Amino acid sequence: MRSDMLELMSIFVQVVELGSFTKAADALQLHRPAVSKSIQHLEDDLGVKLLHRTTRRLSMTAEGEEIYQRAKGLLTDVNDMMAVFSPSQPPRGRLRIDAPLALTHAILIPSLSEFQNLYPQIDIVLTASDRLTDLITEGVDCVIRLGELVDSGFSARHVGRVSMATCAAPSYLDKHGIPLTPDELVHHKAVNFFSEHSREVMDWKYVMNGEIISRRPGSNMLVNNSDVLLSCGLEGLGIVHALRTALEPHIQSGRLTEVLTDYAPVTKSVSVLYPDRRYLPSKVRVFIDWFCDVFARKYQE
């Protein structure tokens, strides 16, 4: 293999992403003929044509598309490895994070300015949803998850546990009464949450007489979004069971009333998942360390 193969692949990736030999030459501070010659060398060494070139546009061949994807992954791994082992290289680059909506509102958004101050060269791409994200196919660096984990083949770091609460709007309780035990939930309307991935409705779990019990209250509404769940509860459409951090401001304001306070809701586990790599990119490592620290300082029960 040529000693400059990584350099040739890097030039090829730049040409593809910028869509132009001239733009790639400017970005790399090279002469345009040098860029063109580098692509020719790469094609010769690999024995395939990588690009269709016309006077107006560039497009990849089928082989070029496959080599582009592989080259980009290889270059990312090389850069990540260098960043891990180079103490003079601060964490940098684009960090893609996915987190549940409730934790995004309660933990990430109020604290992200601190992370940005610590690591100004990391650009954050934050997606917030309650669906199950595929780290590999969606190109996400790490995912924050609520609940117990199934064996996914990814590495995981346990962060802690968060409290749950059961609440309803005063208008609902005035009309339907207050449940006094978890068993009475079956006689009430509830706004239940279901997993978009498995279509499974989440049970409500409590500690009763020293044992964990599961209840699935009667429901005339199912939602797959925690923001929608909260809005339904505030409008009096039914009792809701959700993260205490999401419900607490509305309990304090009187818009929601907590019920079943004699029965402790079972807490939910919080974990961070990331691809199982031999060398964890420094941008991912520092984010996970920081998130665990923030959680322990501010949100640990």
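Among the residues of the range 95-116, which ones are touching a residue at least 12 places away in the same chain (Cβ under 8 Å), assigned to a helix (DSSP H, G or I) and aliphatic (A, V, I, L, M)? Break it down into steps so the answer makes sense when it comes.
So the first thing to find is which residues in the range 95-116 are touching a residue at least 12 places away in the same chain (Cβ under 8 Å), and the list is 95-108, 111-112, 114-115.
Pick out the ones that are also assigned to a helix (DSSP H, G or I) and you get 101-108, 111-112, 114-115.
If the condition is that a residue be touching a residue at least 12 places away in the same chain (Cβ under 8 Å), assigned to a helix (DSSP H, G or I) and aliphatic (A, V, I, L, M), then 101, 102, 103, 106, 107, 108, 112 are the ones that fit.
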Here the residues within the range 250-266 that are out of contact with any strand residue (DSSP E or B) (no Cβ under 9 Å at 6 or more places or on another chain) and on the phi > 0 side of the Ramachandran plot are 254
If you go through 188, 158, the only one that is out of contact with any helix residue (DSSP H, G or I) (no Cβ under 7 Å at 6 or more places or on another chain), at pLDDT 90 or above and not β-branched (Val, Ile, Thr) is 158
Per the filter on the range 51-67, residues in contact with a strand residue (DSSP E or B) (Cβ under 6 Å, 6 or more places away or on another chain) and either in a helix (DSSP H, G or I) or open to solvent by less than 30 Å² (accessible area, probe 1.4 Å) (or both) are 51, 64
Filter the range 187-204 for residues that are among the aliphatic types (A, V, I, L, M) and over 15 Å from residue 168 (Cβ atoms); the one that is surrounded by the most Cβ atoms within 10 Å (Cβ to Cβ) is 202
Inside the range 96-149, the number of residues satisfying the requirement of being small (Gly, Ala, Ser), open to solvent by 20 Å² or more (accessible area, probe 1.4 Å) and modelled with pLDDT of 90 or more is 1
Original post:
Can you find a residue in the range 154-166 that is open to solvent by less than 50 Å² (accessible area, probe 1.4 Å) and farther than 30 Å from residue 294 by Cα?
Top reply: no
Given the conditions (1) open to solvent by less than 60 Å² (accessible area, probe 1.4 Å); (2) at pLDDT below 85, every one holds for residue 73 apart from (2)
Q: Kindly check whether there is at least one residue in the range 205-216 that is of a type in the set (Phe, Trp, Tyr) and surrounded by fewer than 19 Cβ atoms within 10 Å (Cβ to Cβ).
A: no
Here is a check on your reading of the model: is residue 48 open to solvent by less than 70 Å² (accessible area, probe 1.4 Å), out of contact with any strand residue (DSSP E or B) (no Cβ under 9 Å at 6 or more places or on another chain), part of a loop (DSSP other than H, G, I, E, B) and more than 30 Å from residue 130 (Cβ to Cβ)?
yes
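Please enumerate the residues belonging to the range 225-255 that are farther than 19 Å from residue 106 by Cβ and surrounded by 15 or more Cβ atoms within 10 Å (Cβ to Cβ). Quick ask: steps written out before the conclusion?
Looking only at the range 225-255, we keep the residues that are farther than 19 Å from residue 106 by Cβ, and these are 235-239, 254.
Across the range 225-255, the qualifying residues are 236, 237, 238, 239.
The values are calculated or read from the model by the stated rules, or taken from the named source; none is laboratory data. Being a predicted model, the structure only gives us computed values, none of them experimental. Ideal geometry is used to build each Cβ from the backbone, glycine not excepted, and the neighbour counts take in all protein chains shown. Protein only, heavy atoms only, side chains kept; ligands, DNA and RNA dropped before computing areas. Shrake-Rupley method; radii C 1.70, N 1.55, O 1.52, S 1.80 Å.
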